[in-house]
1. Give me the percent of DSSP beta bridges within chain A that run antiparallel, rounded to the nearest 5.
2. Select from B:VAL182, B:GLY83, B:LEU60 the residue farthest towards the positive end of the dipole of chain B; place +1 on Cβ of Lys and Arg, -1 on Cβ of Asp and Glu, and compute about the Cα centre.
3. Helix B:155-165 against the longest principal axis of chain B: what's the angle in degrees, Cα atoms only, rounded to the nearest 10?
4. Hey, what did chain B get for relative contact order, percent, Cα under 8 Å, at least 6 apart?
5. As a test of the formula, what do you get for chain A when each DSSP H run with n ≥ 4 contributes -39,500 (n - 2.57) and the sum is divided by the residue count, at 222 nm and rounded to the nearest 500 deg cm²/dmol?
6. Charges only on Cβ, +1 for Lys and Arg, -1 for Asp and Glu: so what's the dipole of chain B about the Cα centre, in debye to the nearest 20?
7. Place a +1 charge on the Cβ of each Lys and Arg in the protein assembly as shown and a -1 charge on the Cβ of each Asp and Glu, then give the dipole magnitude about the Cα centre in debye, rounded to the nearest 20.
8. Tell me what chain B gives for mean residue ellipticity at 222 nm when only DSSP H runs of n ≥ 4 count, each as -39,500 (n - 2.57), the sum divided by the residue total, rounded to 500 deg cm²/dmol.
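The values are calculated or read from the model by the stated rules, or taken from the named source; none is laboratory data. The structure displayed is predicted, hence computed values, not measured ones. Virtual Cβ from ideal backbone geometry, glycine too; neighbours counted across all protein chains shown. Accessible surface is based on the protein model in full, side chains and every heavy atom, while ligands, DNA and RNA are left aside. Shrake-Rupley method; radii C 1.70, N 1.55, O 1.52, S 1.80 Å.
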Amino acid sequence: MLRIEQLSKVFYPGTVNEKTAIEYIDLDVRDGDFITVVGSNGSGKSTLFNLISGTYPVTGGKIILNGKDVTNSPEYRRAFTIGRIFQDPTKGTAAKMSIEDNMITAFKKGMKGLGISLNASKRGYFKEELKQLSMGLEDRLKDNVGLLSGGQRQALTLLMTVLSRPQMLLLDEHTAALDPRNAQIVMDLTTEFISRYRLTTLMVTHNMQHAIDFGNRLIMMDGGKIILDLSQEEKHSLTVPKLVKMFKSIKNQEYVSDEDLLTP
Amino acid sequence: MLEGIFVDGLIFSIMVIGVLISYRILDFADLTCDGSFATGAAVATMAIVNGTGLATALLLAFLAGAVAGVVTATIHNRLKVPGLLAGILTMTMLYSINIRILGGRANVPLLRIETLYTKFPQIFPMVSTPWALLIGTLLIVFIVKELIDVFFRTDLGISIGALGSNEQMIISMGIDPKLLKVIGMALSNALIALSGGLLAQYQGFADANLGQGMVVQGLAAIMIGEFLFDSNKISLITLRVILGAIIYKALMFLGRYYGYYINLTPSDLKLLTGILVIVSLIVAQTRNAASTADARKKALRRNKERREASMKEDGDA
Ligand SMILES: Nc1ncnc2c1ncn2[C@@H]1O[C@H](COP(=O)(O)OP(=O)(O)OP(=O)(O)O)[C@@H](O)[C@H]1O
Ligand SMILES: [Mg+2]
C-alpha cells in the first residue's frame, strides 16, 4: 500500500534555524494495516503525515503509494488515495457553506464540472449517511457548517472523508480537541468506518491506551525516527506502563551511546 | 432623474458581483478590478466604433476581463506572491494596455453611433426614454444574476465557494486549488469588464481612468447589502449585492447634489466612500461579537435543557 524509503525532512536547511524533523525513516504499510503512532511532542509525527500527503516537499528519500513513486506528485493528486483528518475540527470542512454543499464537494474526488449533482435523491442519501452520526445533523442540511460544534464538525469531516472513498486514512490526533464524550463518539465512528470500508489507517494519538487498544500495529517515534514497531502479537500483552518503560529504556540507550560518541 | 440613479446602480451592480466573487466568495483581495473595469469599457467602445455589433462588443469586453483575471491568478499561483500584489501588478500594466486599446488616447467618445443605450428606446417604444433605459438595464442585470446564481449551484461553483472558505478541504478532495482560483478570478474580472462595457455605452465614452477607486466602491456596496439581510443562499446574496449597489449610488447622488449644503464637493465622495466602508466594518464587527455572544448563551441554555431532560429520564428509569 504505502512504502517509505530513507525519508528525511530538514526545515530551513543551511540556516541557523535548521531543524531535522524526520531522519531516514523506512516504513512499509501493508494493505489493511491499522497503525497507531505515538511519540512525544515534536517527535515528527505530523511532519511524517505532511510528507506522506505531499503538504511539504521531502528533503530526501522516496514515498511509494500503490507501487507508484509519488514523492513529487502534488498534494491534491495524492488526496485521491489518502484521506486526512486533522486535530483542528475546522480544517476539514468549509464553515461558510451549508452541510449539503460541503457533502456534495466531498462526494466525488477531483475537479468538478458544470453539472448540478445536488438533487433530491442526493439529499436523501446524505440524510441517511448523516443519521449514522446520531447527532441530528440529518435535519440541518441547509445550516452553515460554522454553526456546528467541534464534535459535530469532526464527525462530519470523518463522514465526508469516507464518502470520498479514499484507500487510506491519516488521522492526526483527530479526537484530541474534543470533549471526552464527543471524542468517544468520533472514535467509535472511526473504527466502524475503518472496518466497513477496509481502510488502511495511520492514527496519531497521545492516548497510550488508545494506541494499544486500536489497530494491529503500533509505532513509536522520537527525534524524527521510528524507535519502536510492534506487531499485533507484541501489542496483545502490552500495557501502558510496559509501553512507557520500553520508551524510557530506548531513550536511555541512546543517551548512553550519545555519551560514547562525545567522549573520545 | 430617479431612473438615472437606478440605471447607474444596476450597471454598477454587475461590477459589484464581480468584486463579491473575488473578495467574499474566493477570499482573494483583488485590485485587478480598477484596471479591468476600464479595459471592459475600452474594449467595448473600440469594438463598437469599429462596427463589430453590440453583442460581440460586450462579449469581447467580457473575455478581455477574463484574461485580466487569469493573469492575476497566474501571477499569484506561479510566483507565490499574495493576491493583493498580483492584482496591483495586473492593474498597473492594464493602465498602459487600456490606453493602447483606446488607440493611444485616454478618452474615446461614442458619439452619433448606435449603442445599447440608443437602442433601448427603440426596443421599448411604449415607455419614455429614461424608463426604456431602466428596463433594458434591468433585463441585462436579471440575466447576469440568474446565470451567476445557477453557476454557484453547480458542482464547480460550489467547490469555488468551498475554496474561499477552506483551501485545505479543496486539496483534500483532490481538486487543484490553483485551477479553481484561475476560473474564479476570470469570472470575477469578466463581470467587472462587462460592467465597464455597459457604462461606456450609457455615458457615451470610454476613459482610461474609469476604474479608479472601483474596488472600494464595490466593497462599500457589498457591505451596504450585507446590512439588509443575512443569508447563505447565493440567489439572496446576489440580490442583496444589487440592492446595495443601487443604495450606494443613491447615497453618492445625494452627496453630489445636496452635499453643497454642508460644503461637500464631488471630490469628497471618495473620502465618504472610505468612511462608509470603515463604519460598515465597525458595525459588522460589533454585530458579529453580539451574535457570537448570543449563540453562546443559546448553546448554554440548550445544554442545560438537555441535562435536565436526561436527569428527568434517569429519574423516571
Ligand atoms: N513548518 C515547519 N517549519 C519549521 N519547523 C517545523 C515545521 N513543522 C514542524 N517543524 C518542526 O519539526 C519537528 C517535528 O514537528 P511535528 O509537528 O512533526 O511534531 P509532532 O510529533 O507532530 O508533535 P506534536 O505531538 O506536538 O503534534 C518540531 O521540532 C517542529 O518544530
Ligand atoms: Mg503533531
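1. Working: 20 of 38 bridges.
Taking every DSSP beta bridge within chain A, about 55 percent pair in antiparallel fashion.
2. Highest projection toward the positive end goes to B:GLY83.
3. Approximately 70 degrees, to the nearest ten.
4. Details: 457 pairs, mean separation 103.2, N = 317.
This gives 33 percent for chain B.
5. -11500 deg cm²/dmol
6. Dipole of chain B, to the nearest 20 debye: 320 debye.
7. Details: 59 positive and 52 negative charges, 191 e Å.
Computed about the Cα centre, the dipole is about 920 debye.
8. It lands at -26500 deg cm²/dmol.
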